[in-house]
Amino acid sequence: MLFDMDGTLIDSEKLWDVALRELAAEYGGTLSDAARRAMTGTSMAESMRIMHADLGQPDRDPLASAAWIDARILELFRSGLRWRPGALALLRAVRVAGIPTALVTSSGRPVVEVALDTLGRDSFDAVVCGDEVDAAKPHPEPYLTAARLLGVPIARCVAIEDSPTGVASALAAGAAVLAVPLEVPIAPTDGVHQRESLTGVDLELLAALLGEPPA
């Protein structure tokens, strides 16, 4: 099992929204809704590029902007994270069943370490962060890396995602994909099963996505 984090397991996209809009205001501008949607599921570097372009300030230092966001999002994450509907129950069921499980996120390691206080450090056999791969989502590398760390063929993995960027990454890697769109709609796509939330998602459904009976 390969789980995305922001917007999939935890309801953190609203916190990212707060931080990004605060930074835009700090720069004397207003982040457009279109730019914010385009950032969903992307790496920090790509998000900063989108923001700077949207504000008409393409020459700003992306590293400085990223550092500002990192510091602010850590504050917001520490104030409390909420599970997405059905996410905790599914994660627990997967772990009880002994299914190898990885967290595959575009967020950087410092943010993920804070989130793991809520998610549980023993909930995952591997954690792949956005700042620990050469190519971020939508490139397939994050999911291919997670499958390799688990020692499971990617074709035997189900990836759960909430964004078009994440779905594209998982599909390109060769995983079966369950999409639970949150902030950005996901167009109907071959190989992608969509649900409104993870409520009611169980091991039987996950097995069906792989074309096999449940264990």
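The values are calculated or read from the model by the stated rules, or taken from the named source; none is laboratory data. Since we're looking at a predicted model, the values are computed, not measured. Glycine also receives a Cβ, built like all others from the backbone with ideal geometry; neighbour counts cover every protein chain displayed. Ligands, DNA and RNA are stripped out before the accessible areas are found, and what is left, the full protein with its side chains, is counted by its heavy atoms. Shrake-Rupley method; radii C 1.70, N 1.55, O 1.52, S 1.80 Å.
Side notes on the structure shown:
- Apolar share of the accessible surface for region 77-144: 51 percent from carbon plus sulfur atoms, 1.4 Å probe.
- The string of couplings for region 20-28 from the Karplus curve (6.51, -1.76, 1.60, θ = phi - 60°) is 5, 6, 5, 5, 4, 5, 4, 8, x Hz, one whole number per residue in order, with x for Gly and Pro.
- Cα centroid separation, region 151-180 to region 191-209: 12 Å.
- Whole-Hz couplings from phi, Karplus 6.51/-1.76/1.60, listed for region 64-73; x for Gly and Pro: 5, 5, 4, 5, 4, 5, 4, 5, 6, 5
- Peptides 188-196, 94-102 ordered by average Cβ neighbours within 10 Å, highest first: 94-102, 188-196
- Using only alpha-carbon positions in region 95-215, the gyration tensor eigenvalues give semi-axes of 20, 18, 15 Å once each is multiplied by 5 and square-rooted (largest first).
- Relative contact order of the chain: 23 percent, from C-alpha pairs under 8 Å at least 6 residues apart in sequence.
- Electrostatic dipole magnitude of the chain [Cβ: Lys, Arg +1; Asp, Glu -1; Cα centre; debye, to 20]: 280
- Placing a pseudo-label 7 Å from each Cα along the Cα-to-Cβ vector at Arg121 and Trp83 gives an inter-label distance of 2.0 nm.
- Taking 0.36 nm per residue of sequence separation and removing the Cα-Cα distance, the Leu203/Ala67 pair yields an extension gain of 45.0 nm.
- When the inverse distances between all different Cα atoms of the chain are averaged and flipped, the Kirkwood radius reads 17.4 angstrom.
- Rg and Dmax of region 12-112, both derived from C-alpha coordinates alone, stand at 15.8, 51 Å.
- Averaged over residues, the count of other Cβ atoms within 10 Å places the peptides 62-73, 45-56 in the sequence 45-56, 62-73, highest first.
- Amide H contacts of Gln194 (H built 1.01 Å from N, in plane; Pro and chain starts excluded): Ala179 sit under 5 Å, all sequence-distant by 5 or more or on other chains.
- Per-residue extension of 0.36 nm, minus the Cα-Cα distance of Arg37 and Ala25, leaves a gain of 2.6 nm for this segment.
- Ligands, DNA and RNA are left out, and with a 1.4 angstrom probe the accessible area of region 75-215 is 47 Å² per residue.
- For a modelled paramagnetic label at Ala97, 7 Å from Cα along Cα-to-Cβ, the residues of region 184-203 in reach, with backbone nitrogen under 13 Å, are 200-203.
- If the chain linking Lys14 and Arg60 were pulled fully straight, counting 0.36 nm for each residue of separation and taking away their Cα-Cα distance, it would gain 14.1 nm.
- Helix-derived mean residue ellipticity, 222 nm - over the chain, DSSP H n ≥ 4, -39500 (n - 2.57), to 500: -13500 deg cm²/dmol
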